[in-house]
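Below is one structure; the comments refer to it alone.
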Amino acid sequence: MDAFTKPFTQQEPMPEAAIEAAVAVMRSGRLHRYNLVEGEIAETALLEQEFAATLGVPYCLATASGGTAMQIALVACGVESGDAVLTNAFTLSPVPGAIHGVGGKPVIVETTENLTIDFAHLEAQAETSGAKFLLISHMRGHLADMDALVALCDGLDLTLIEDCAHTMGGAWKGKPSGTFGKAACFSTQTYKHINSGEGGFVAADDADVMARSIIRSGSYMLYDRHLAGPGAEAFADARLDMPNCSSRMDNLRAAILRPQLADLAAQVDRWNERYAAIQDGLRGTPGLRLRETPNEETHVGSSIQFMMPEMADDQVAPFIAACAKVGVELKWFGAPDPHGYTSNHTSWRYAGSQEAPVTDRVLSRLFDMRIPLTFSVDDCKQIAALIAATAADFR
Ligand SMILES: *Cc1c(COP(=O)(O)O)cnc(C)c1O
């Protein structure tokens, strides 16, 4: 079988409509979202309105990044210095980083073999830490049973904040991911579902949370220029209480995101076609376990994970190397030393040393692969065949 030769990090070009919109903003010179001429509405404000509509929530704020969106949402929801904030152990470093960034203490909750948060451990950690907040990261697009999670958070008096960096376009029983908690955070960084290089959103249906978010993002007293924000009365306290943290999105990025957002549903279908091709190609491979998507979940297959639970410790790195040799780039969150974008809770030293033996075991045999839309469905079939053939040598 031929080796695979395409890069795993190549995104699609910007759509022509995005390029034209960007050029128009550049010609105007008005890149700052509050720099408007009489009667003009900012691209950023329009983007927020459109994103709120796709989620079916009243309020949305565009931010400089997904990480700043999380910091804003945490503070807007009431996290104060020294507060414990629960989060799942299997996630990327910006999540505990955002908690730390607002003075919170990350408290790690185990991730199950199904790659979602462990409810029993969540309950135990909430009780021992006294935490009043859960920042759940829907890592790699896998959703926990959201109805059960919301009920559990209610029972434990936990304020739920969602990190939807991997679930933009996803849903649980048809209800969009990002509509289950007090606030939700999204990223529009290059490797996510819409691409502005850097960028993000906070979405909420609570007027107070959104007023606090808008002021904190750096609106000065120009909050009436938002189309997806609450009325002036909601800002009475927030306008004087919230520090300005200069985390705004600009009109150039908003301009290139609007056409991409309009295309999101079609892109999700394309991702899922590719995900299914890989999943089908891997199904039945001896020793290899796939994560099957629950019926309630609308998944966005922008990456794929599989486990090799029986693999010997000293075979994991050689297996990854053998896949790399045939052009298939796998990531391993269980590596003892962090590489590239991967890391795990043992490499977040600022969070203090915490135990997560279940997650450690899961991550030790979990393989992760990005699925860029520059891959065709045939490319995905070839990748699956190469992984399956390589896996056979590691039996
Ligand atoms: C990318 C990412 C973020 C943060 O996004 P940035 O826009 O890069 O700050 C948050 N959570 C997860 C799980 C991510 O992958």
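With a Förster radius of 35 Å, plug the Cβ-Cβ distance of residue 295 and residue 263 into 1/(1 + (r/R0)^6) and report the FRET value to the nearest 0.05. Mind dumping the intermediate values first?
Working: r = 26 Å, r/R0 = 0.75.
According to the calculation, E is roughly 0.85.
Would you tell me the accessible area of residue 121, worked out with a 1.4 angstrom probe on the heavy atoms of the protein chains, in Å² to the nearest 10?
Around 40 Å² of this residue is reachable by solvent.
Leaving out ligands, DNA and RNA, what percent of the accessible area of the stretch 171-232 is carbon and sulfur, probe 1.4 Å? Walk me through the intermediate numbers first.
On the way: 930 of 2020 Å².
With neighbouring chains kept in place, the figure for the stretch 171-232 is 46 percent.
Need one number: nm distance between label points at residue 37 and residue 339, each 7 Å from Cα along Cα→Cβ, rounded to one decimal.
Computed distance between label sites residue 37 and residue 339 equals 5.4 nm.
Please identify the trypsin sites (Lys or Arg not before Pro) of the stretch 134-186 that satisfy two criteria: DSSP loop assignment and at most 15 other Cβ atoms within 10 Å. Which are they? Don't jump to the answer; show the numbers that get you there.
Details: sites: 140, 173, 182; in loops: 173, 182.
Here the sparse-neighbourhood loop sites are 173.
Using a 1.4 angstrom probe on the protein heavy atoms only, line up 202, 57 by accessible area, largest first. List each step's numbers first, then the result.
On the way: 202 0, 57 20 Å².
I get 57, 202, largest accessible area first.
Rounded to the nearest whole Å², what accessible area per residue is found for the stretch 266-335 with the 1.4 Å probe? Walk me through the numbers before you get to the answer.
Numbers: 3040 Å² over 70 residues.
Here the per-residue accessible area is 43 Å².
Using a 1.4 Å probe, how large is the accessible area of residue 367, given in Å² and rounded to the nearest 10?
Looks like 0 Å² after rounding.
Under 10 Å, Cα contacts only: if you run a Gaussian network model on the chain, which one of 18, 211, 203 comes out with the highest mean-square fluctuation?
18
Let me know the Rg and Dmax you get for the stretch 88-243 when you use only its Cα atoms, in Å.
When restricted to Cα atoms, the stretch 88-243 yields Rg and Dmax of 16.1, 48 Å.
Once you wrap a convex hull around the alpha carbon atoms of the stretch 41-91, what is its projected area averaged over all directions, in nm²?
Across all orientations, the stretch 41-91 yields a mean hull projection of 5.1 nm².
When the chain is fully extended, how far beyond the present Cα-Cα distance does residue 147 get from residue 20, taking 0.36 nm per residue of separation?
41.5 nm
D for the chain, whole µm²/s, Stokes-Einstein with Kirkwood Rh over alpha-carbon pairs at 25 °C and 0.890 mPa s: what number?
Value of D from the Cα-based Kirkwood radius: 113 µm²/s.
How far, in nm, would the chain grow between residue 119 and residue 93 when pulled straight, counting 0.36 nm per residue and subtracting the alpha carbon separation? Let's see the in-between values first.
Details: separation 26, 0.36 × 26 = 9.36 nm, distance 2.18 nm.
Additional length available on full extension: 7.2 nm.
Which residue, 281, 122, 207, has the largest displacement toward the positive end of the dipole of the chain when charges sit on each Cβ (Lys, Arg +1; Asp, Glu -1)?
The residue sitting most towards the positive pole is 281.
What relative contact order, as a whole-number percentage, does the chain give when Cα pairs under 8 Å and 6 or more residues apart are counted? Mind showing how you got there, number by number?
Values: 786 pairs, mean separation 88.9, N = 395.
For the chain, the relative contact order is 23 percent.
How much accessible area per residue does the stretch 16-262 have, in Å², with a 1.4 Å probe? Intermediate results must be reported in sequence, preceding the final value.
Values: 8890 Å² over 247 residues.
On a per-residue basis, 36 Å².
Return the FRET efficiency for the residue pair residue 5, residue 128: r is the Cβ-Cβ distance, R0 is 56 Å, and the value is rounded to the nearest 0.05.
Step by step, r from the Cβ atoms, then E = 0.65.
Report the longest stretch of the chain that contains none of the GluC sites (Glu not before Pro) sitting in a DSSP loop with at most 13 other Cβ atoms within 10 Å.
81-291
If I take R0 = 30 Å and measure r between the Cβ atoms of residue 227 and residue 80 in this structure, what FRET efficiency does the formula 1/(1 + (r/R0)^6) give, to the nearest 0.05?
That pair, residue 227 with residue 80, gives E of 0.50.
What is the spread of the Cα atoms of the stretch 120-195 along each of their three principal axes, largest first, in whole Å?
Result for the stretch 120-195: principal-axis Cα extents of 39, 24, 19 Å.
Quick one: pull the percent of accessible area on the stretch 264-392 belonging to carbon and sulfur, 1.4 Å probe, ligands and nucleic acids left out.
With neighbouring chains kept in place, the figure for the stretch 264-392 is 53 percent.
Please figure out what share of the DSSP beta bridges in the stretch 16-262 is antiparallel and state it in percent, rounded to the nearest 5.
Of the beta bridges lying entirely in the stretch 16-262, close to 45 percent run antiparallel.
Report, ordered by chain and residue number, the aspartates and glutamates lying within cross-link reach of residue 132, taken as a straight Cα distance under 15 Å and ignoring same-chain residues fewer than 8 apart.
Within reach: 80, 83, 123, 154, 157, 162.
By accessible area of protein heavy atoms, probe 1.4 Å, what ranking do 23, 37 get, highest first?
On the way: 23 50, 37 75 Å².
Greatest to least solvent exposure: 37, 23.
Please report the accessible area of residue 268 (heavy atoms, 1.4 Å probe, ligands and nucleic acids excluded) in Å², nearest 10.
Estimated to the nearest 10 Å², residue 268 gives 10 Å².
The values are calculated or read from the model by the stated rules, or taken from the named source; none is laboratory data. Worth saying up front: this structure is predicted, and the values here are computed from it rather than measured. Backbone-built Cβ (ideal geometry, glycine too); neighbour counts: all protein chains shown. Keep in mind that these areas ignore ligands, DNA and RNA; they rest on the heavy atoms of the full protein, side chains included. Shrake-Rupley method; radii C 1.70, N 1.55, O 1.52, S 1.80 Å.
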